[in-house]
Amino acid sequence: MAHAFFGGVHPNDMKAATNEKAIEQLAAPAQVVIPMSMHFGAPCTPLVAAGDYVKVGQKIGEFRGLGAPIHASVSGTVKAVEPRPYSMGGKMMSVVIDNDFRNELSEEVKAPADPDALTPEEMVEIVKQAGIVGMGGATFPTHAKISSGIGKVDTVIINGAECEPYITGDHRAMLERPEQIIGGCCYLARMFGVAKVIIGVEENKKNGIESMQKVIDEQKAPVVIEPLHCRYPQGGEKQLCQAITGKQVPPGGLPSHIGCAVFNINTTMAIYRAITTGMPVVNKVVTVSGSGVVEPKNLECPIGTPVSLLFDACGGLKDETFKLVAGGPMMGMAQASADFPVAKGTGAVLAFAGDENKTVEHPTCIRCGRCVEACPMHLEPLYLYMYQQKGMIDEMNAANIMDCMECGACSYICPGRLHLTHAFKAGKQMVKDAAAKAKAAAESAKAAEEAKKEAK
């Protein structure tokens, strides 16, 4: 039985433009730009140089510490390894590949002889080498989540909520690729050693639920589908855990603290493909929508495809377009141009036109408290905003600003049009910077004290 989570809002889902449009394969571009950071953790180190020939699936970026490797999405010659525009702002070291359109597969891509005979450790290693991350946008390395959860997790949840407006890629995958979703669930069940995997799906995707249930019944798969009430941010992993299990993740905690592990639909399919075919993450399904797009679509394209080509494939942008967003309208980031590439976590690119810009010249808090009611993390956004505006670091910490999931529910519901989510992003960075400064000062004082002792 589905439970309710605290807070949340009910924005218009705006999915009608693409939820009945099948995923189209976008022709591979003449050039791809593959950023070396598409995961939570430090950027990868490039393994190739200008002039090198690479093949599809070849590892071109290696990680250290927490991260995931990066692979070539087309075959061809490396034109450059240099900083290029990046969806998270600024520039990121990237591998630029000129496509030779031969689509040569790398010798590194090898399918296991018998996927069903693999041990959990061998499957985790395949997931690691395939560069799989949280492809719903969080981009946390999947192998790290699985490894840390084995023996601790008793509830594996697949996030099929897709609650953010406009985005329909997961819904289309349920209809068009249910075998991959259920297959990935079965491998996750084996890796974690659980009796069943639960897929949480909002009730507005009834045909998606029916499509997956048919495969579950045919395969007698250890998978259960849990229909969920439509409410944003149902797809937040902490909210999803509460909706399905009734348990709440403690402040500052992770789903593993209550025995849960959550994986996105796209991530689950990537696990299936990696274990059955050996293919790493080289493609991504992206919803291209919004009032500024002439013909919205769901497109599958190679990682590194310039977003401008996705808009071109949708008939271009309308003249009155005023904003581009990478991601959904609630949690996505506005972009200065379409000159950035599709990455592993890119679920949507949106363009807005006309009178959709609901900002005001002088945002003002009217102390209505609606942001407090909407916050799914039990925070008090009106106070956090005041603390951030005044640079009150200790107060932001005391008010648990780091628990903010940046879902945008408070900004959406605010009648005063305060830029709450943006302020909290900036506030969290202020807290991190202050902590780093304090740590550096403490280390410097310790070093000075030790030097003083040695001088004696």
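The values are calculated or read from the model by the stated rules, or taken from the named source; none is laboratory data. On a predicted model such as this, the values are computed, not experimentally measured, just so you know. Methodologically, a virtual Cβ is constructed for each residue, glycine included, from the backbone with ideal geometry; neighbour enumeration extends over all protein chains shown. Accessible surface areas use protein heavy atoms only, side chains included; no ligands, DNA or RNA. Shrake-Rupley method; radii C 1.70, N 1.55, O 1.52, S 1.80 Å.
Kindly establish whether K390 is at pLDDT 95 or above and out of contact with any helix residue (DSSP H, G or I) (no Cβ under 9 Å at 6 or more places or on another chain). Considered against the rule, which asks whether it is at pLDDT 95 or above and out of contact with any helix residue (DSSP H, G or I) (no Cβ under 9 Å at 6 or more places or on another chain), K390 comes out as yes. Scanning region 347-366 for residues that are out of contact with any helix residue (DSSP H, G or I) (no Cβ under 7 Å at 6 or more places or on another chain), in a loop (DSSP other than H, G, I, E, B) and under 30 Å from N400 (Cβ atoms) yields K358, T359, V360, H362, P363, T364, I366. Within region 304-316, residues that are more than 10 Å from L26 (Cβ to Cβ) and without any contact (Cβ under 8 Å) to a residue 24 or more places away in the chain have Cβ atoms under 6 Å from residues that are open to solvent by 10 Å² or more (accessible area, probe 1.4 Å) and in a loop (DSSP other than H, G, I, E, B) in these pairs: G315/V294; G315/E295; G316/V294, counting only partners at least 6 apart in sequence or on another chain. Counting only residues that are of a type in the set (S, T, Y) and more than 19 Å from the chain's Cα centre (by Cα), region 83-103 holds 1 of them. Would you check which residues across region 397-435 are assigned to a loop (DSSP other than H, G, I, E, B) and in contact (Cβ under 8 Å) with a residue 24 or more places away in the chain and list them? N400, C404, M405, E406, C407, G408, C414, P415, G416, R417, L418, H419, listed by residue number.
The set of residues in region 132-154 that are in contact with a Ser or Thr (Cβ under 9 Å, 6 or more places away or on another chain) and not β-branched (V, I, T) comprises G134, M135, G136, G137, K145, S148, G149, K152.
Could you tell me how many of the residues in region 273-324 are of a type in the set (V, I, T), within 26 Å of V96 (Cβ to Cβ) and part of a loop (DSSP other than H, G, I, E, B)? Total meeting the criteria: 4. Of all residue pairs spaced 6 or more apart or on separate chains, those with beta-carbon atoms under 9 Å, a first member in region 357-378 that is on the phi > 0 side of the Ramachandran plot and a second member that is of a type in the set (D, E, K, R) and not in a loop (DSSP other than H, G, I, E, B) are H378/D403. Looking across I198, I216, one residue alone is within 22 Å of the chain's Cα centre (by Cα), without any contact (Cβ under 8 Å) to a residue 60 or more places away in the chain and under 16 Å from I265 (Cα atoms). It is I198. Evaluate the following for A16: is it within 30 Å of C375 (Cβ to Cβ), over 22 Å from the mean Cα position of the chain (by Cα) and open to solvent by 10 Å² or more (accessible area, probe 1.4 Å)? In short, yes.
Looking at region 32-58 only, could you name the residues that are part of a strand (DSSP E or B) and under 25 Å from L310 (Cα atoms)?
Taking region 32-58 first, the residues part of a strand (DSSP E or B) are 32-35, 45-46, 53-54, 56.
Of everything in region 32-58, those that are part of a strand (DSSP E or B) and under 25 Å from L310 (Cα atoms) turn out to be V32, V33, I34, P35, V54, V56.
If you filter region 376-427 down to residues that are among the charged types (D, E, K, R) and either open to solvent by less than 20 Å² (accessible area, probe 1.4 Å) or in contact with a Ser or Thr (Cβ under 9 Å, 6 or more places away or on another chain) (or both), you find that the one that is nearest to Q248 (Cα to Cα) is E406. For beta carbons closer than 6 Å, sequence separation of 6+ or different chains, a first residue in region 139-164 that is modelled with pLDDT under 95 and among the small types (G, A, S) and a second that is open to solvent by 20 Å² or more (accessible area, probe 1.4 Å) and in a helix (DSSP H, G or I), the qualifying pairs are G149/S256.
Tallying residues that are open to solvent by 10 Å² or more (accessible area, probe 1.4 Å), aliphatic (A, V, I, L, M) and in a loop (DSSP other than H, G, I, E, B) within region 154-180 yields 1. Looking across region 85-103, just one residue is aliphatic (A, V, I, L, M) and out of contact with any strand residue (DSSP E or B) (no Cβ under 6 Å at 6 or more places or on another chain), and that is M88.
Among the residues of region 78-114, which ones are open to solvent by 50 Å² or more (accessible area, probe 1.4 Å), under 20 Å from K55 (Cβ atoms), hydrophobic (A, V, I, L, M, F, W, C) and part of a loop (DSSP other than H, G, I, E, B)? Correct list: F101, A111.
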